[in-house]
Amino acid sequence: MFLQIILNLGLVLVGVATVAYMLIHRQYTYWERKGIPFIRPESYLGTYADAVSKKKPLCDVVSELYVKFRGKKFGGVWELFSPRLFLVDPDMVKDIMIKNFDSWSNRGLTSNPEVDPLSQHIAMLDGKMWKVVRTKLTPTFTSARLKSMHYLVLECAKNLEKYLDAVVRKNEPIEAREVGAKYTTDVIGSCVFGIQMNSLNDEDAAFRKMGKRLGGGSGYWSRFVHLLQGSSPWLFHKLKLSLTPPDVEEFFLRITREAFEYREKNNVQRHDFVDLLRKLKNTDQKLGKDDVVFDDKLLAAQAFVFFGAGFETSATTIGYILHELAVHQDIQDRLRKELREMKAANNGEITFDGLQGMKYLDMVLQETLRKHPIVPQLERVSVRPYELPGTNVVLPVGSKCIIPIYALHHDPEFWPNPSKFDPERFSEEGKAKQTPYTFMPFSIGPRTCIGSRFAEQQTKVGILTMLDKFKIILCEKSQNPLKYRNGAGVFLMPERGFWIKMIPLGADDK
Ligand code: HEM
(Lines give C-alpha, C1' and ligand atoms only; values in the text may rest on other atoms or scores of the structure.)
Protein backbone atom coordinates (compact mmCIF):
# COMPACT_ATOMS: atom_id res chain seq x y z
CA MET A 1 0.00 0.00 0.00
CA PHE A 2 2.75 2.44 1.08
CA LEU A 3 4.81 1.47 -1.98
CA GLN A 4 1.77 2.09 -4.17
CA ILE A 5 1.38 5.66 -2.79
CA ILE A 6 5.08 6.40 -3.36
CA LEU A 7 4.82 5.00 -6.89
CA ASN A 8 1.72 7.08 -7.67
CA LEU A 9 3.35 10.20 -6.23
CA GLY A 10 6.44 9.51 -8.30
CA LEU A 11 4.32 9.14 -11.42
CA VAL A 12 2.50 12.42 -10.72
CA LEU A 13 5.83 14.22 -10.21
CA VAL A 14 7.26 12.78 -13.41
CA GLY A 15 4.04 13.79 -15.20
CA VAL A 16 4.19 17.38 -13.88
CA ALA A 17 7.91 17.66 -14.69
CA THR A 18 7.31 16.32 -18.22
CA VAL A 19 4.46 18.77 -18.87
CA ALA A 20 6.54 21.66 -17.45
CA TYR A 21 9.51 20.62 -19.60
CA MET A 22 7.35 20.39 -22.71
CA LEU A 23 5.77 23.79 -22.05
CA ILE A 24 9.14 25.44 -21.47
CA HIS A 25 10.63 23.64 -24.47
CA ARG A 26 7.71 24.84 -26.58
CA GLN A 27 8.32 28.41 -25.44
CA TYR A 28 12.04 28.14 -26.14
CA THR A 29 11.51 26.75 -29.66
CA TYR A 30 8.97 29.47 -30.49
CA TRP A 31 11.22 31.48 -32.83
CA GLU A 32 12.78 28.40 -34.38
CA ARG A 33 9.33 27.09 -35.28
CA LYS A 34 8.45 30.46 -36.84
CA GLY A 35 11.70 30.51 -38.85
CA ILE A 36 12.83 33.79 -37.30
CA PRO A 37 16.54 34.27 -36.42
CA PHE A 38 17.00 34.06 -32.65
CA ILE A 39 19.55 34.09 -29.87
CA ARG A 40 19.07 31.05 -27.66
CA PRO A 41 19.21 31.89 -23.94
CA GLU A 42 21.99 30.26 -21.97
CA SER A 43 19.86 29.92 -18.84
CA TYR A 44 16.22 29.84 -17.74
CA LEU A 45 16.54 33.53 -16.92
CA GLY A 46 16.15 34.15 -20.66
CA THR A 47 18.26 36.19 -23.07
CA TYR A 48 18.37 39.01 -20.50
CA ALA A 49 19.97 36.77 -17.83
CA ASP A 50 23.01 39.02 -17.28
CA ALA A 51 20.77 42.01 -16.52
CA VAL A 52 18.29 40.03 -14.39
CA SER A 53 21.14 38.59 -12.31
CA LYS A 54 22.69 42.07 -12.03
CA LYS A 55 25.93 41.12 -13.78
CA LYS A 56 25.53 43.88 -16.35
CA PRO A 57 23.41 46.99 -16.95
CA LEU A 58 20.32 46.42 -19.10
CA CYS A 59 21.67 48.81 -21.77
CA ASP A 60 24.76 46.62 -22.30
CA VAL A 61 22.67 43.48 -22.67
CA VAL A 62 20.34 45.24 -25.12
CA SER A 63 23.33 46.51 -27.13
CA GLU A 64 24.96 43.06 -27.27
CA LEU A 65 21.74 41.53 -28.64
CA TYR A 66 21.41 44.35 -31.14
CA VAL A 67 24.96 43.82 -32.42
CA LYS A 68 24.37 40.06 -32.77
CA PHE A 69 21.28 40.74 -34.92
CA ARG A 70 23.02 43.41 -37.02
CA GLY A 71 22.01 43.28 -40.69
CA LYS A 72 18.62 41.76 -39.87
CA LYS A 73 15.31 43.58 -39.48
CA PHE A 74 14.46 41.83 -36.21
CA GLY A 75 15.22 38.74 -34.17
CA GLY A 76 13.78 36.52 -31.46
CA VAL A 77 14.78 36.74 -27.79
CA TRP A 78 13.25 35.63 -24.47
CA GLU A 79 12.46 37.41 -21.23
CA LEU A 80 12.51 34.52 -18.77
CA PHE A 81 10.41 31.97 -20.74
CA SER A 82 8.45 34.51 -22.71
CA PRO A 83 9.37 35.13 -26.40
CA ARG A 84 9.91 38.73 -27.51
CA LEU A 85 10.41 40.17 -30.98
CA PHE A 86 13.56 42.31 -30.84
CA LEU A 87 13.52 45.16 -33.38
CA VAL A 88 16.74 46.16 -35.09
CA ASP A 89 15.86 48.04 -38.28
CA PRO A 90 14.67 51.68 -37.73
CA ASP A 91 12.00 51.15 -40.41
CA MET A 92 10.60 48.26 -38.36
CA VAL A 93 10.50 50.59 -35.35
CA LYS A 94 8.49 53.06 -37.42
CA ASP A 95 6.21 50.27 -38.63
CA ILE A 96 5.29 49.12 -35.13
CA MET A 97 5.36 52.42 -33.23
CA ILE A 98 3.65 54.62 -35.86
CA LYS A 99 2.32 52.92 -39.01
CA ASN A 100 0.78 49.93 -37.25
CA PHE A 101 0.29 51.58 -33.88
CA ASP A 102 -3.31 50.36 -33.77
CA SER A 103 -2.00 46.78 -33.81
CA TRP A 104 0.69 47.48 -31.16
CA SER A 105 -0.88 50.08 -28.86
CA ASN A 106 -0.60 48.21 -25.56
CA ARG A 107 2.15 48.19 -22.98
CA GLY A 108 0.73 45.03 -21.42
CA LEU A 109 1.19 45.92 -17.76
CA THR A 110 -1.32 44.20 -15.50
CA SER A 111 -2.80 46.03 -12.52
CA ASN A 112 -5.59 45.50 -10.02
CA PRO A 113 -7.41 48.85 -9.78
CA GLU A 114 -10.00 47.42 -7.31
CA VAL A 115 -7.28 47.10 -4.65
CA ASP A 116 -4.74 49.52 -6.13
CA PRO A 117 -6.61 52.63 -7.34
CA LEU A 118 -3.42 54.58 -8.15
CA SER A 119 -2.42 51.95 -10.71
CA GLN A 120 -5.14 53.06 -13.14
CA HIS A 121 -2.94 55.72 -14.71
CA ILE A 122 -2.21 56.20 -18.43
CA ALA A 123 1.17 54.47 -18.33
CA MET A 124 -0.52 51.27 -17.05
CA LEU A 125 -3.79 51.52 -18.94
CA ASP A 126 -4.32 49.87 -22.29
CA GLY A 127 -7.03 49.67 -24.95
CA LYS A 128 -10.02 52.01 -25.02
CA MET A 129 -9.53 53.19 -21.47
CA TRP A 130 -5.97 54.36 -22.29
CA LYS A 131 -7.20 56.18 -25.39
CA VAL A 132 -9.91 58.07 -23.51
CA VAL A 133 -7.65 59.09 -20.62
CA ARG A 134 -4.77 60.02 -22.94
CA THR A 135 -7.04 62.20 -25.09
CA LYS A 136 -8.38 63.97 -22.00
CA LEU A 137 -4.90 64.57 -20.58
CA THR A 138 -3.21 65.69 -23.78
CA PRO A 139 -4.14 69.40 -23.32
CA THR A 140 -2.10 69.42 -20.08
CA PHE A 141 1.15 70.14 -21.86
CA THR A 142 0.21 72.44 -24.73
CA SER A 143 2.59 75.31 -25.40
CA ALA A 144 0.10 77.83 -24.01
CA ARG A 145 -0.34 75.87 -20.78
CA LEU A 146 3.42 75.40 -20.35
CA LYS A 147 3.86 79.13 -20.84
CA SER A 148 1.20 79.91 -18.25
CA MET A 149 2.94 77.57 -15.77
CA HIS A 150 6.42 79.00 -16.44
CA TYR A 151 6.23 81.38 -13.48
CA LEU A 152 5.77 78.36 -11.19
CA VAL A 153 8.91 76.71 -12.60
CA LEU A 154 10.84 79.97 -12.07
CA GLU A 155 9.67 80.15 -8.45
CA CYS A 156 11.18 76.70 -7.86
CA ALA A 157 14.36 77.75 -9.70
CA LYS A 158 14.72 80.70 -7.29
CA ASN A 159 14.53 78.24 -4.38
CA LEU A 160 17.11 76.05 -6.13
CA GLU A 161 19.43 79.04 -6.39
CA LYS A 162 19.06 79.81 -2.65
CA TYR A 163 19.59 76.16 -1.76
CA LEU A 164 22.75 75.94 -3.87
CA ASP A 165 24.14 79.19 -2.42
CA ALA A 166 24.07 77.54 1.00
CA VAL A 167 25.34 74.14 -0.17
CA VAL A 168 28.17 75.52 -2.31
CA ARG A 169 29.50 77.54 0.64
CA LYS A 170 30.44 74.24 2.31
CA ASN A 171 32.82 73.56 -0.60
CA GLU A 172 31.96 69.85 -0.60
CA PRO A 173 31.18 67.46 -3.49
CA ILE A 174 27.53 67.58 -4.54
CA GLU A 175 25.49 64.63 -5.84
CA ALA A 176 23.78 66.22 -8.83
CA ARG A 177 20.90 63.74 -9.11
CA GLU A 178 19.77 64.37 -5.55
CA VAL A 179 19.82 68.14 -6.18
CA GLY A 180 17.92 67.52 -9.42
CA ALA A 181 15.38 65.33 -7.60
CA LYS A 182 14.70 67.96 -4.93
CA TYR A 183 14.20 70.59 -7.62
CA THR A 184 11.99 68.48 -9.95
CA THR A 185 9.94 67.30 -6.97
CA ASP A 186 9.25 70.95 -6.16
CA VAL A 187 8.39 71.80 -9.79
CA ILE A 188 6.03 68.86 -10.22
CA GLY A 189 4.53 69.48 -6.80
CA SER A 190 3.78 73.04 -7.76
CA CYS A 191 2.61 72.48 -11.35
CA VAL A 192 0.84 69.15 -10.90
CA PHE A 193 -0.49 69.25 -7.34
CA GLY A 194 -0.57 73.01 -6.74
CA ILE A 195 1.44 72.60 -3.54
CA GLN A 196 4.69 74.14 -2.29
CA MET A 197 6.77 71.02 -1.68
CA ASN A 198 9.74 72.63 -0.01
CA SER A 199 12.01 69.69 -0.85
CA LEU A 200 14.91 72.07 -1.38
CA ASN A 201 14.68 73.58 2.10
CA ASP A 202 13.38 70.69 4.15
CA GLU A 203 15.28 67.40 4.29
CA ASP A 204 12.10 65.74 5.62
CA ALA A 205 9.73 67.13 2.98
CA ALA A 206 6.93 64.58 2.56
CA PHE A 207 7.04 64.53 -1.25
CA ARG A 208 10.76 63.89 -1.39
CA LYS A 209 10.26 61.01 1.03
CA MET A 210 7.56 59.58 -1.23
CA GLY A 211 9.89 60.00 -4.23
CA LYS A 212 12.56 57.97 -2.46
CA ARG A 213 9.99 55.27 -1.64
CA LEU A 214 9.03 55.04 -5.31
CA GLY A 215 12.59 55.28 -6.60
CA GLY A 216 14.58 52.71 -4.71
CA GLY A 217 13.43 52.09 -1.16
CA SER A 218 11.47 48.99 -2.17
CA GLY A 219 11.86 45.88 -0.02
CA TYR A 220 11.66 42.17 -0.88
CA TRP A 221 7.85 42.14 -0.96
CA SER A 222 7.67 45.00 -3.42
CA ARG A 223 10.28 43.35 -5.65
CA PHE A 224 8.39 40.08 -5.50
CA VAL A 225 5.09 41.77 -6.44
CA HIS A 226 6.71 43.55 -9.40
CA LEU A 227 8.39 40.33 -10.55
CA LEU A 228 5.10 38.46 -10.41
CA GLN A 229 3.33 41.26 -12.29
CA GLY A 230 5.84 40.90 -15.15
CA SER A 231 6.35 37.15 -15.18
CA SER A 232 2.89 35.85 -14.24
CA PRO A 233 0.20 38.52 -14.81
CA TRP A 234 -2.52 35.90 -14.40
CA LEU A 235 -1.41 34.94 -10.88
CA PHE A 236 -0.74 38.60 -10.00
CA HIS A 237 -4.33 39.35 -11.01
CA LYS A 238 -5.82 36.31 -9.24
CA LEU A 239 -4.00 37.14 -5.98
CA LYS A 240 -5.28 40.74 -6.23
CA LEU A 241 -1.86 42.22 -5.41
CA SER A 242 -1.16 45.93 -5.20
CA LEU A 243 1.93 47.66 -6.62
CA THR A 244 1.50 50.76 -4.45
CA PRO A 245 2.57 50.68 -0.79
CA PRO A 246 -0.40 51.61 1.50
CA ASP A 247 1.24 54.79 2.88
CA VAL A 248 2.03 56.04 -0.64
CA GLU A 249 -1.57 55.35 -1.72
CA GLU A 250 -3.01 57.14 1.31
CA PHE A 251 -0.68 60.13 0.75
CA PHE A 252 -1.47 60.70 -2.93
CA LEU A 253 -5.22 60.14 -2.59
CA ARG A 254 -5.30 62.59 0.33
CA ILE A 255 -3.27 65.40 -1.25
CA THR A 256 -5.19 65.29 -4.52
CA ARG A 257 -8.50 65.37 -2.62
CA GLU A 258 -7.26 68.27 -0.46
CA ALA A 259 -6.06 70.20 -3.53
CA PHE A 260 -9.53 69.85 -5.13
CA GLU A 261 -11.36 70.82 -1.92
CA TYR A 262 -9.16 73.86 -1.33
CA ARG A 263 -9.68 75.21 -4.83
CA GLU A 264 -13.40 74.59 -4.75
CA LYS A 265 -13.83 76.28 -1.37
CA ASN A 266 -11.62 79.27 -2.16
CA ASN A 267 -12.47 79.56 -5.84
CA VAL A 268 -8.76 79.48 -6.77
CA GLN A 269 -7.46 79.07 -10.33
CA ARG A 270 -3.73 78.56 -11.01
CA HIS A 271 -3.83 77.46 -14.69
CA ASP A 272 -2.01 74.29 -13.71
CA PHE A 273 -2.67 70.57 -13.86
CA VAL A 274 -5.03 70.56 -10.86
CA ASP A 275 -7.30 73.00 -12.71
CA LEU A 276 -7.39 70.65 -15.70
CA LEU A 277 -8.18 67.65 -13.52
CA ARG A 278 -10.98 69.55 -11.83
CA LYS A 279 -12.53 70.25 -15.22
CA LEU A 280 -12.45 66.52 -16.01
CA LYS A 281 -14.00 65.59 -12.69
CA ASN A 282 -17.28 63.77 -12.94
CA THR A 283 -17.44 64.00 -16.72
CA ASP A 284 -17.89 60.53 -18.05
CA GLN A 285 -17.16 59.08 -21.40
CA LYS A 286 -19.57 56.55 -22.78
CA LEU A 287 -17.79 53.59 -24.25
CA GLY A 288 -20.54 51.03 -24.40
CA LYS A 289 -19.98 48.73 -21.48
CA ASP A 290 -16.54 50.17 -20.70
CA ASP A 291 -17.68 53.56 -19.37
CA VAL A 292 -14.89 55.75 -18.01
CA VAL A 293 -15.92 57.96 -15.11
CA PHE A 294 -13.39 60.54 -14.02
CA ASP A 295 -13.84 60.17 -10.28
CA ASP A 296 -11.40 61.27 -7.57
CA LYS A 297 -9.43 58.02 -7.67
CA LEU A 298 -8.95 57.97 -11.44
CA LEU A 299 -7.84 61.60 -11.35
CA ALA A 300 -5.47 61.03 -8.41
CA ALA A 301 -3.90 58.15 -10.35
CA GLN A 302 -3.05 60.53 -13.24
CA ALA A 303 -1.50 63.07 -10.86
CA PHE A 304 0.42 60.22 -9.27
CA VAL A 305 1.93 59.05 -12.58
CA PHE A 306 2.94 62.58 -13.50
CA PHE A 307 4.88 62.65 -10.27
CA GLY A 308 6.27 59.11 -10.63
CA ALA A 309 7.19 59.38 -14.32
CA GLY A 310 8.22 63.02 -14.13
CA PHE A 311 10.60 63.73 -11.28
CA GLU A 312 13.10 60.84 -11.46
CA THR A 313 13.50 60.95 -15.26
CA SER A 314 14.18 64.70 -15.36
CA ALA A 315 16.33 64.64 -12.19
CA THR A 316 18.58 61.93 -13.63
CA THR A 317 18.79 63.75 -16.95
CA ILE A 318 19.91 66.87 -15.04
CA GLY A 319 22.59 64.68 -13.46
CA TYR A 320 23.82 63.43 -16.86
CA ILE A 321 23.91 66.98 -18.29
CA LEU A 322 25.88 68.34 -15.33
CA HIS A 323 28.34 65.47 -15.57
CA GLU A 324 28.92 66.09 -19.29
CA LEU A 325 29.27 69.85 -18.73
CA ALA A 326 31.83 69.21 -15.99
CA VAL A 327 33.82 66.99 -18.37
CA HIS A 328 33.49 69.40 -21.33
CA GLN A 329 34.33 72.86 -20.06
CA ASP A 330 34.31 74.35 -23.58
CA ILE A 331 30.69 73.26 -24.05
CA GLN A 332 29.82 74.66 -20.63
CA ASP A 333 31.39 78.05 -21.51
CA ARG A 334 29.53 78.22 -24.83
CA LEU A 335 26.25 77.41 -23.14
CA ARG A 336 26.81 80.05 -20.47
CA LYS A 337 27.54 82.60 -23.20
CA GLU A 338 24.22 81.76 -24.86
CA LEU A 339 22.50 82.15 -21.48
CA ARG A 340 24.05 85.62 -20.98
CA GLU A 341 22.84 86.70 -24.41
CA MET A 342 19.35 85.38 -23.79
CA LYS A 343 19.09 87.10 -20.41
CA ALA A 344 20.42 90.37 -21.82
CA ALA A 345 17.61 90.31 -24.40
CA ASN A 346 14.95 89.48 -21.77
CA ASN A 347 15.51 91.94 -18.90
CA GLY A 348 17.74 89.49 -17.06
CA GLU A 349 15.03 86.78 -16.84
CA ILE A 350 14.85 83.19 -18.10
CA THR A 351 11.62 83.78 -19.98
CA PHE A 352 9.57 81.06 -21.65
CA ASP A 353 10.14 82.54 -25.11
CA GLY A 354 13.81 83.19 -24.41
CA LEU A 355 14.18 79.51 -23.52
CA GLN A 356 12.67 78.42 -26.85
CA GLY A 357 15.27 80.52 -28.69
CA MET A 358 18.29 78.87 -27.00
CA LYS A 359 19.46 76.57 -29.78
CA TYR A 360 22.71 75.45 -28.18
CA LEU A 361 20.95 74.57 -24.92
CA ASP A 362 18.61 72.36 -26.90
CA MET A 363 21.54 70.71 -28.70
CA VAL A 364 23.21 69.93 -25.35
CA LEU A 365 19.98 68.45 -23.95
CA GLN A 366 19.27 66.33 -27.03
CA GLU A 367 22.84 65.00 -27.12
CA THR A 368 22.60 64.10 -23.42
CA LEU A 369 19.36 62.23 -24.08
CA ARG A 370 20.97 60.47 -27.04
CA LYS A 371 24.03 59.37 -25.11
CA HIS A 372 22.18 58.58 -21.88
CA PRO A 373 18.53 57.78 -22.75
CA ILE A 374 16.91 57.39 -19.37
CA VAL A 375 14.56 54.70 -20.74
CA PRO A 376 16.95 52.27 -22.52
CA GLN A 377 14.27 50.03 -24.05
CA LEU A 378 10.50 49.95 -24.59
CA GLU A 379 7.99 47.16 -24.87
CA ARG A 380 4.79 46.88 -26.86
CA VAL A 381 2.10 44.20 -26.93
CA SER A 382 0.05 43.41 -30.04
CA VAL A 383 -3.73 43.69 -30.01
CA ARG A 384 -4.22 42.32 -33.54
CA PRO A 385 -2.50 39.57 -35.54
CA TYR A 386 0.54 41.11 -37.26
CA GLU A 387 2.33 39.86 -40.35
CA LEU A 388 6.06 40.41 -40.06
CA PRO A 389 7.15 42.46 -43.10
CA GLY A 390 8.99 40.42 -45.73
CA THR A 391 7.81 37.07 -44.30
CA ASN A 392 4.67 34.92 -44.20
CA VAL A 393 4.89 34.78 -40.43
CA VAL A 394 1.86 36.10 -38.56
CA LEU A 395 2.37 36.91 -34.90
CA PRO A 396 -0.75 36.29 -32.81
CA VAL A 397 -2.53 38.81 -30.55
CA GLY A 398 -0.59 39.24 -27.29
CA SER A 399 2.86 39.05 -28.93
CA LYS A 400 5.49 41.23 -27.30
CA CYS A 401 8.18 43.30 -28.95
CA ILE A 402 11.18 45.28 -27.75
CA ILE A 403 12.42 48.62 -29.06
CA PRO A 404 16.12 48.91 -28.12
CA ILE A 405 16.40 52.69 -27.71
CA TYR A 406 19.87 52.67 -26.14
CA ALA A 407 21.32 50.41 -28.84
CA LEU A 408 19.88 52.55 -31.66
CA HIS A 409 21.32 55.68 -30.00
CA HIS A 410 24.75 54.02 -29.88
CA ASP A 411 24.90 52.40 -33.32
CA PRO A 412 28.06 53.81 -35.01
CA GLU A 413 26.36 53.49 -38.39
CA PHE A 414 23.85 56.18 -37.34
CA TRP A 415 25.94 58.03 -34.75
CA PRO A 416 29.67 57.98 -35.61
CA ASN A 417 31.86 57.65 -32.51
CA PRO A 418 28.76 57.16 -30.34
CA SER A 419 30.43 57.44 -26.94
CA LYS A 420 31.66 60.96 -27.78
CA PHE A 421 29.52 63.75 -26.31
CA ASP A 422 29.00 66.02 -29.31
CA PRO A 423 26.06 68.49 -29.31
CA GLU A 424 26.86 69.32 -32.97
CA ARG A 425 24.96 66.17 -33.92
CA PHE A 426 21.85 68.27 -33.21
CA SER A 427 22.82 71.48 -35.05
CA GLU A 428 20.74 72.16 -38.19
CA GLU A 429 23.53 70.60 -40.26
CA GLY A 430 23.85 67.63 -37.90
CA LYS A 431 20.10 67.00 -37.87
CA ALA A 432 20.03 66.88 -41.68
CA LYS A 433 22.47 63.93 -41.52
CA GLN A 434 20.45 61.92 -38.99
CA THR A 435 18.75 58.68 -40.00
CA PRO A 436 15.01 58.79 -39.17
CA TYR A 437 13.81 56.66 -36.21
CA THR A 438 17.25 56.26 -34.64
CA PHE A 439 16.68 58.87 -31.92
CA MET A 440 13.75 58.49 -29.52
CA PRO A 441 14.52 59.36 -25.88
CA PHE A 442 10.83 60.17 -25.34
CA SER A 443 9.71 57.37 -27.69
CA ILE A 444 7.77 58.01 -30.92
CA GLY A 445 4.19 57.63 -32.13
CA PRO A 446 0.84 58.17 -30.38
CA ARG A 447 2.06 56.67 -27.08
CA THR A 448 5.13 58.86 -26.80
CA CYS A 449 5.96 60.55 -23.45
CA ILE A 450 3.09 62.89 -22.66
CA GLY A 451 5.29 65.12 -20.48
CA SER A 452 8.26 65.53 -22.85
CA ARG A 453 7.91 69.28 -23.33
CA PHE A 454 7.33 69.88 -19.65
CA ALA A 455 10.39 67.68 -18.92
CA GLU A 456 12.49 69.81 -21.27
CA GLN A 457 11.22 73.02 -19.73
CA GLN A 458 11.97 72.07 -16.13
CA THR A 459 15.33 70.49 -17.03
CA LYS A 460 16.49 73.49 -19.04
CA VAL A 461 15.44 76.03 -16.39
CA GLY A 462 17.19 73.97 -13.68
CA ILE A 463 20.45 73.71 -15.67
CA LEU A 464 20.47 77.42 -16.59
CA THR A 465 19.86 78.41 -12.96
CA MET A 466 22.96 76.47 -11.93
CA LEU A 467 25.15 77.69 -14.81
CA ASP A 468 24.15 81.27 -14.16
CA LYS A 469 25.94 81.35 -10.83
CA PHE A 470 28.32 78.42 -10.71
CA LYS A 471 31.08 76.75 -12.64
CA ILE A 472 30.54 72.98 -12.70
CA ILE A 473 33.66 70.85 -12.31
CA LEU A 474 34.56 67.22 -11.64
CA CYS A 475 35.83 66.36 -8.18
CA GLU A 476 37.65 63.54 -6.38
CA LYS A 477 34.37 61.59 -5.98
CA SER A 478 33.37 61.81 -9.67
CA GLN A 479 33.24 58.65 -11.73
CA ASN A 480 34.63 59.47 -15.16
CA PRO A 481 33.92 57.84 -17.55
CA LEU A 482 30.55 57.15 -16.01
CA LYS A 483 29.40 53.57 -15.59
CA TYR A 484 25.79 52.46 -15.49
CA ARG A 485 24.22 50.51 -12.65
CA ASN A 486 23.92 46.76 -13.19
CA GLY A 487 20.46 45.22 -13.29
CA ALA A 488 17.25 45.17 -15.31
CA GLY A 489 15.74 48.39 -13.83
CA VAL A 490 13.52 50.43 -16.14
CA PHE A 491 15.70 53.56 -15.90
CA LEU A 492 19.32 54.02 -16.97
CA MET A 493 21.05 54.97 -13.74
CA PRO A 494 24.68 55.84 -12.97
CA GLU A 495 26.55 53.27 -10.92
CA ARG A 496 27.75 55.71 -8.25
CA GLY A 497 25.74 58.89 -8.75
CA PHE A 498 26.91 62.14 -10.35
CA TRP A 499 29.46 63.72 -8.02
CA ILE A 500 30.49 67.23 -9.01
CA LYS A 501 31.61 70.48 -7.45
CA MET A 502 30.09 73.89 -8.04
CA ILE A 503 32.29 76.98 -7.75
CA PRO A 504 30.76 80.48 -7.52
CA LEU A 505 31.57 82.36 -10.71
CA GLY A 506 33.99 85.28 -10.43
CA ALA A 507 33.10 88.73 -11.75
CA ASP A 508 35.03 87.90 -14.96
CA ASP A 509 32.94 84.85 -15.69
CA LYS A 510 29.61 86.62 -15.30
C1 HEM B 1 13.83 63.58 -19.32
C2 HEM B 1 12.62 63.27 -18.91
C3 HEM B 1 11.74 62.19 -19.46
C4 HEM B 1 12.02 61.18 -20.34
C5 HEM B 1 13.36 60.86 -21.01
C6 HEM B 1 10.80 60.43 -20.53
C7 HEM B 1 10.67 59.32 -21.36
C8 HEM B 1 9.51 58.58 -21.51
C9 HEM B 1 9.40 57.40 -22.33
C10 HEM B 1 10.52 56.80 -23.18
C11 HEM B 1 8.12 56.95 -22.22
C12 HEM B 1 7.55 55.68 -22.85
C13 HEM B 1 6.72 56.00 -24.04
C14 HEM B 1 6.31 54.77 -24.81
O15 HEM B 1 6.07 53.70 -24.26
O16 HEM B 1 6.21 54.88 -26.06
C17 HEM B 1 7.42 57.85 -21.33
C18 HEM B 1 6.08 57.73 -21.01
C19 HEM B 1 5.43 58.59 -20.15
N20 HEM B 1 5.94 59.73 -19.56
FE21 HEM B 1 7.83 60.43 -19.75
N22 HEM B 1 9.80 61.01 -19.79
C23 HEM B 1 10.32 62.10 -19.13
C24 HEM B 1 9.64 62.98 -18.31
C25 HEM B 1 8.29 62.94 -18.06
C26 HEM B 1 7.54 63.94 -17.31
C27 HEM B 1 8.14 65.23 -16.74
C28 HEM B 1 6.26 63.49 -17.22
C29 HEM B 1 5.04 64.13 -16.58
C30 HEM B 1 5.02 65.22 -15.92
C31 HEM B 1 6.19 62.23 -17.92
C32 HEM B 1 5.05 61.46 -18.04
C33 HEM B 1 4.96 60.29 -18.78
C34 HEM B 1 3.75 59.49 -18.88
C35 HEM B 1 2.44 59.78 -18.16
C36 HEM B 1 4.04 58.43 -19.74
C37 HEM B 1 3.08 57.34 -20.21
C38 HEM B 1 2.37 57.81 -21.48
C39 HEM B 1 1.35 56.83 -22.04
O40 HEM B 1 1.44 55.65 -21.79
O41 HEM B 1 0.42 57.30 -22.74
N42 HEM B 1 7.44 61.93 -18.42
N43 HEM B 1 8.29 58.84 -20.93
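The values are calculated or read from the model by the stated rules, or taken from the named source; none is laboratory data. Note that this is a predicted model, so its numbers are computed, not measured. When we count neighbours, we look across all protein chains shown, and the Cβ atoms used for this are built from the backbone with ideal geometry, even at glycine. With ligands, DNA and RNA removed, areas are computed over all heavy atoms of the protein, side chains included. Shrake-Rupley method; radii C 1.70, N 1.55, O 1.52, S 1.80 Å.
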Calculated [θ] (222 nm, deg cm²/dmol) that DSSP helices of n ≥ 4 give over the chain, each run adding -39,500 (n - 2.57): -16000 deg cm²/dmol
Calculated FRET value between Ile473 and Asp362, using beta carbons and R₀ = 22 Å, to 0.05: 0.40
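Please report, as a whole percent, how much of the solvent-accessible surface of the chain comes from carbon and sulfur atoms (probe radius 1.4 Å).
Accessible surface attributable to carbon and sulfur in the chain totals 56 percent.
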5 angstrom amide H check on Phe38, placed H, neighbours 5+ away: Gly76
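Enumerate by residue number the chymotrypsin sites (Phe, Trp or Tyr not before Pro) in the range 30-127 meeting two conditions: DSSP loop (anything except H, G, I, E, B), and at most 15 other Cβ atoms within 10 Å of the site's Cβ.
Tyr44
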Neighbourhood charge, 11 Å Cβ-Cβ cut-off, centred on Met502 and excluding it, Lys, Arg +1 and Asp, Glu -1: +3
Potential lengthening between Arg213 and Asp295 on full extension [0.36 nm per residue; Cα-Cα distance subtracted]: 26.9 nm
Distance (nanometres) between label positions extended 7 Å along Cα→Cβ at Lys281 and Val14: 6.7 nm
Label-to-label distance, nm, for residues given as Lys94 and Glu155 (7 Å Cα→Cβ offset): 4.5 nm
Dipole-positive endmost among Leu137, Val168, Phe86 within the chain (Cβ charges, Cα centre): Phe86
Net lengthening on full extension, His25/Glu178 (0.36 nm per residue, minus Cα-Cα): 50.5 nm
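Remind me, what semi-axes does the range 32-128 give for its equivalent ellipsoid, largest first in whole Å, using sqrt of 5 times each Cα gyration tensor eigenvalue?
Over the Cα atoms of the range 32-128, the ellipsoid semi-axes are 27, 20, 12 Å.
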Phi to ³J(HN,Hα) by Karplus 6.51 cos²θ - 1.76 cosθ + 1.60 over the range 481-498, Hz, x for Gly, Pro: x, 5, 10, 8, 6, 5, x, 9, x, 5, 9, 7, 10, x, 5, 10, x, 10
Value in Å of the Kirkwood radius, where the chain supplies the Cα pairs that are averaged: 24.7 Å
Neighbourhood net charge (10 Å Cβ-Cβ; Lys/Arg +1, Asp/Glu -1) for Gly445: +4
Computed magnitude of the charge dipole of the range 56-509 (debye, nearest 20; Cβ of K, R +1, Cβ of D, E -1): 700 debye
Furthest towards positive pole of dipole, Pro117, Met342, Asn100, structure part the range 56-509, Cβ charges: Asn100
Beta bridges per DSSP with both ends in the chain, % antiparallel, nearest 5: 85 percent
Rounded accessible area per residue of the range 56-509, 1.4 Å, Å²: 43 Å²
Set Lys170/Lys209; Lys73/Lys94; Lys420/Lys469; Lys182/Lys460; Lys477/Lys501 screened for pairs whose C-alpha atoms are more than 19 Å apart: Lys170/Lys209; Lys420/Lys469
Distance between modelled label sites at Trp221 and Lys240, nm, 7 Å Cα→Cβ extension: 1.6 nm
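Distances over 24 Å make up what percent of all Cα-Cα pairs in the range 153-275? Kindly include the intermediate steps, with their values, before the conclusion.
Values: 3344 of 7503 pairs.
Here the tail beyond 24 Å accounts for 45 percent of pairs.
Around Lys73, with a cut-off of 12 angstrom between Cβ atoms, what is the net charge of the other residues, counting Lys and Arg +1 and Asp and Glu -1?
Net of charged neighbours comes to 0.
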Longest exposed-site-free window of the chain, the sites being GluC sites (Glu not before Pro) in a DSSP loop that have at most 12 other C-beta atoms within 10 Å: 204-348
Gln434-Glu387 FRET efficiency (beta carbon distance; Förster radius 25 Å; 0.05 resolution): 0.30
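Give, rounded to the nearest 20 debye, the magnitude of the charge dipole that the range 76-205 has about its Cα centre when Lys and Arg contribute +1 at Cβ and Asp and Glu contribute -1 at Cβ.
So the dipole magnitude of the range 76-205 works out to roughly 580 debye.
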